[in-house]
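K.L.:
Below is one structure. I have some questions about it.
The values are calculated or read from the model by the stated rules, or taken from the named source; none is laboratory data. As the structure is a computational prediction, the values presented were derived from the model and not from experiment. Here the Cβ positions follow ideal geometry from the backbone for every residue, glycine too, while neighbour counts run over all protein chains shown. Keep in mind that these areas ignore ligands, DNA and RNA; they rest on the heavy atoms of the full protein, side chains included. Shrake-Rupley method; radii C 1.70, N 1.55, O 1.52, S 1.80 Å.
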Amino acid sequence: LAWFPYLFSILNDPDHPKICARVLEYYALLASSLVLVLSLFGGDVIRLISDPSYLGAESVIYWIGLGCLLRGMTFVTVAGINIRQKTHYSAVVYVAGVAVNLVLLRVLVPRYGTLGAAIAMVVTHLAMTSAMGWIAQRLYPIPYRPLRVGLVIALMSALYFTGRAVAPSALLPGLAVK
């Protein structure tokens, strides 16, 4: 929420575009770290504090976290649209995102349940963030480094899947390995 006031407060800074690009990188690093921790230890927390009937929620923590990470990136990548005051483009992307999400939910949820819904969220937010970034770059170019951001997210994902593969399911040994 503090991003937009900050964005407009630095518009006159000659390094403004580089600052925006750096904000996206720092956001990706911090948000990926948070998603990784929540994903690796969320199931342990569920086992400690809830009824066993909630254990199925563990399978969607990573996917929901990744979807939220991607959604948060939209707030940064939309900068060019907001700077140029062409917010009608955002509305179009959001409407298209709702349509994509509804189709994905219709296809994935009957077959995969909550995991399908979480994956639909990830795909929807990836599409919306990509579309917003593409439009914003044409309106107001910012030197984002998508490969660097993608590498951070890929590394987080690799660490998550490795942690899930090697950690024992027993609570204390699992915590030690993670």
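K.L.:
Quick one: pull the percent of accessible area on the chain belonging to carbon and sulfur, 1.4 Å probe, ligands and nucleic acids left out.
P.N.:
72
K.L.:
Related question: Say a paramagnetic label sat at a point 7 Å from the Cα of Leu11, along Cα to Cβ; which residues of segment 75-113 have their backbone N under 16 Å from it?
P.N.:
Of the residues in segment 75-113, 78-88 have backbone N under 16 Å from the label point off Leu11.
K.L.:
Still on this structure: Which value in deg cm²/dmol, rounded to the nearest 500, describes the helix-derived mean residue ellipticity at 222 nm for the chain, given -39,500 (n - 2.57) per DSSP H run of n ≥ 4 and division by the residue count?
P.N.:
Values: 8 runs with 145 residues, N = 178.
So the calculated ellipticity at 222 nm is -27500 deg cm²/dmol.
K.L.:
Pick out which of Ser32, Ser50, Ser157 has the largest mean-square fluctuation in a Gaussian network model of the chain, springs linking Cα atoms closer than 10 Å.
P.N.:
Looking only at Ser32, Ser50, Ser157, the largest GNM fluctuation is found for Ser50.
K.L.:
Rounded, prolate or oblate: which fits segment 10-105 when a ≥ b ≥ c are the square roots of the eigenvalues of the alpha-carbon gyration tensor, with rounded for a/c under 1.5 and prolate only if a/b beats b/c?
P.N.:
Oblate shape, in that a/c is at least 1.5 and b/c is the bigger or equal ratio.
K.L.:
Quick one: net charge around Val92, please, counting Lys, Arg +1 and Asp, Glu -1 for every other residue with C-beta under 15 Å from its C-beta. Mind dumping the intermediate values first?
P.N.:
Values: positive: Arg84, Lys86, Arg138; negative: none.
Result for the neighbourhood of Val92: +3.
K.L.:
Could I ask something else about it? List the trypsin sites (Lys or Arg not before Pro) within segment 84-172 that DSSP assigns to loop and that have no more than 16 neighbouring Cβ atoms inside 10 Å. The partial results should precede the final answer.
P.N.:
Details: sites: Arg84, Lys86, Arg106, Arg111, Arg138, Arg148, Arg164; in loops: Arg84, Lys86.
For trypsin sites (Lys or Arg not before Pro) across segment 84-172 that sit outside H, G, I, E and B with at most 16 neighbouring Cβ atoms in 10 Å, the list reads Arg84, Lys86.
K.L.:
Taking the Cα centre of segment 7-62 as origin and charging only Cβ (+1 Lys, Arg; -1 Asp, Glu), how large is the dipole, in debye to the nearest 20?
P.N.:
Approximately 60 debye in magnitude.
K.L.:
Run the simple label-point estimate for Leu155 and Val37 please: 7 Å along Cα→C-beta, distance reported in nm.
P.N.:
In this crude label model, Leu155 to Val37 measures out at 1.7 nm.
K.L.:
With unit charges on the beta carbons (Lys and Arg positive, Asp and Glu negative) and the dipole taken about the Cα centre of segment 48-178, which residue among Thr162, Ser59, Ala120 sits farthest to the positive side?
P.N.:
The listed residue farthest towards the positive side: Ala120.
K.L.:
Taking Cα pairs under 8 Å and at least six residues apart, what relative contact order does the chain come out at, in percent?
P.N.:
Numbers: 174 pairs, mean separation 57.7, N = 178.
Over the chain, the number comes to 32 percent.
K.L.:
Once phi is turned into ³J(HN,Hα) by the Karplus curve 6.51 cos²θ - 1.76 cosθ + 1.60 with θ = phi - 60°, what whole-Hz value does each residue of segment 35-52 show in order, with x for glycine and proline?
P.N.:
Taking θ as phi minus 60°, the curve returns 4, 4, 4, 4, 5, 6, 10, x, x, 5, 5, 4, 5, 6, 10, 10, 5, x Hz for segment 35-52.
K.L.:
What number comes out for accessible area per residue over the chain if the probe is 1.4 Å? Units Å², please.
P.N.:
Counting only protein heavy atoms, the per-residue value for the chain is 58 Å².
K.L.:
A follow-up question, please. When averaged across all projection directions, what area in nm² does the alpha-carbon convex hull of the chain cover?
P.N.:
11.6
K.L.:
Return the distance in nm (one decimal) between the two label points of a simple spin-label model at Gln85 and Ser53, each offset 7 Å from Cα along Cα→Cβ.
P.N.:
In this crude spin-label approximation the distance works out to 5.5 nm.
K.L.:
Give, as a single signed number, the net charge of other residues whose beta carbon lies under 13 Å from the beta carbon of Tyr27, with Lys and Arg counted +1 and Asp and Glu -1.
P.N.:
Counting the neighbours of Tyr27, the net charge comes to +3.
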